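Everything below concerns the one structure shown next.
The values are calculated or read from the model by the stated rules, or taken from the named source; none is laboratory data. In this text the structure is predicted, and so the values were computed from the model without any measurement. Cβ placement follows ideal geometry from the backbone for every residue including glycine, while neighbour counts extend to all protein chains displayed.
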Amino acid sequence: MKILILGGTREARDLAHLASGERGFDIVSSLAGRVRDPRLPAGAVRIGGFGGADGLREWLTGNGIDAVVDATHPFAGTMSAHAATAATALGLPLVHVRRPGWRERPGDRWIRVPDLAGAAAALGGLGERVFLTIGRQGVAAFAELSAHWFLIRAIDPPEGAVPTRHHLLLARGPFTVEQETELLAAHRVEVLVTKDSGGALTEAKLDAARAAGLPVVVVERPALPAGGAVVHTADAAWEWLRSGGQSASSAGSCSNQSMTPRS
């Protein structure tokens, strides 16, 4: 059984580790190549785009893939859509691996917005000094906000326009609550902007913001495309693969398809 894992997340790496060396499975992980020094999963890895849904469909056919695991970032909506389109066209089983989003806790001051443009619009009146933790993509949505100062944290430098008043901090999580608390205080942060990525890797900033009483602008996730199963963890995805694409017990699934190896 040859499986393509669309990766770049911890869940994708964990799944590749679980499947590495397992008899009966041939795993290929694909990374978009947007991070200069990515954390590589176990096993075979390809880096780079496919050329849209049509290019992905051709690659799946040419490489004899039997099933697709979409373990991309929760905000990689375009890639998830391409995966669903290509898998449906070829009749391949597909599972989306999506960690649960963050949940508000007592004391949180969250403002939920649908996208980055909404986040930029929401900053008026919340504070001048902004901690921007959305990664390097999308920073341009805040470039015209000259009245604000931004602490921009990302793994790699942003591409495109950036706010005039900003400080760039290149760092990769995980971060502790103590580290985040010190960072907020050192830069006199008044408001936090984040995507609802979920997971424990960068959750500490939310704890620090809650303790400091800061408002948090939370960008909501794009909806998953129709079709395919949905699970929350690498373990559940591995169970789905081992059961032939029939089980998605950790989170309700959409339409499940059985896996039949290509002849």
### Task
Could you please let me know if R210 is under 30 Å from H187 (Cα atoms), of a type in the set (K, R) and not in a loop (DSSP other than H, G, I, E, B)?
yes
#### Entry: Cβ pairs under 6 Å, 6+ apart, first in the stretch 202-225 and more than 16 Å from L132 (Cβ to Cβ), second basic (K, R)
E220/R112
## Note on the structure
Residues in the stretch 157-188 that are more than 16 Å from T202 (Cα to Cα) and either part of a loop (DSSP other than H, G, I, E, B) or within 22 Å of the chain's Cα centre (by Cα) (or both) total 12
### Task
Answer yes if at least one residue in the stretch 50-63 is assigned to a loop (DSSP other than H, G, I, E, B), out of contact with any Leu (no Cβ under 7 Å at 6 or more places or on another chain) and either modelled with pLDDT under 90 or among the acidic types (D, E) (or both), and no otherwise.
no
#### Entry: Pairs where the first residue, in the stretch 114-129, is crowded, with 18+ Cβ neighbours inside 10 Å and the second is assigned to a helix (DSSP H, G or I), C-beta under 6 Å, 6+ apart
L116/A141; A120/A141; A120/F142
### Message
Pairs please, first residue from the stretch 39-59 and closer than 15 Å to T78 by Cβ and free of Cβ contacts under 8 Å to residues at least 40 places away in the same chain, second anywhere and buried (at least 16 other Cβ atoms within 10 Å of the Cβ) and aromatic (F, W, Y), Cβ atoms under 6 Å, 6+ apart in sequence or on different chains.
### Response
F50/W59; L56/F50
### Message
Tally up the residues in the stretch 98-113 that are assigned to a loop (DSSP other than H, G, I, E, B) and either touching a Ser or Thr at 6+ places or on another chain (Cβ under 9 Å) or surrounded by 14 or more Cβ atoms within 10 Å (Cβ to Cβ) (or both), please.
### Response
5
